[in-house]
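The values are calculated or read from the model by the stated rules, or taken from the named source; none is laboratory data. All values derive from a computational prediction rather than experimental measurement. We place every Cβ from the backbone using ideal geometry, glycine too, and count neighbours over all the protein chains shown. SASA here: full protein model, heavy atoms, side chains in, ligands and nucleic acids out. Shrake-Rupley method; radii C 1.70, N 1.55, O 1.52, S 1.80 Å.
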Amino acid sequence: MKKDGIGCLAVLGGFGVALVVWGLGATPALTGGFEGEGRDFGVVWLELPAMLLGIPALALGAWALFRRRSPAVLALVVLATLLAEGWVGSLWLEVRVPEIGYEQGAAGPVA
């Protein structure tokens, strides 16, 4: 019974990791810069579903591969999988969402 609970936590944790990583990484693309420059709503239609479906699925896959092990090992594997997926997701959004920078205007620096 403990192992089934770890599987449920893997899926719920996957959804949580996906929402947090996507929310933090996609904010610049959603808010944009000055007057909305750099907005890209593609992160809503592409990255959000990919993360909401992919991260829990990979965590559940790790659970399925190691479910014959002890509950402690199983929980450790699921936790390591979620951490790795969160890290990779944040790296992907760093590449995908351009950083919005401002150049110095013709009037020069503001005092």
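Here are the numbers for the structure shown:
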read-out	value
Residue under evaluation residue 87, criteria (1) in contact with a Phe, Trp or Tyr (Cβ under 9 Å, 6 or more places away or on another chain); (2) surrounded by fewer than 18 Cβ atoms within 10 Å (Cβ to Cβ); (3) at pLDDT 95 or above, criterion not met	(1)
Tabulated pairs, the stretch 1-24, first assigned to a helix (DSSP H, G or I), second surrounded by 15 or more Cβ atoms within 10 Å (Cβ to Cβ) and of a type in the set (Phe, Trp, Tyr), C-beta under 6 angstrom, 6+ apart or interchain	7/63; 10/63
Positions within the stretch 14-29 being of a type outside the set (Val, Ile, Thr) and touching a helix residue (DSSP H, G or I) at 6+ places or on another chain (Cβ under 8 Å), in sequence order	14, 15, 18, 19, 22, 24, 25, 26, 29
Residue within the stretch 55-68 that is within 16 Å of residue 96 (Cβ to Cβ), assigned to a helix (DSSP H, G or I), open to solvent by less than 50 Å² (accessible area, probe 1.4 Å) and in contact with an Asp or Glu (Cβ under 8 Å, 6 or more places away or on another chain) present	yes
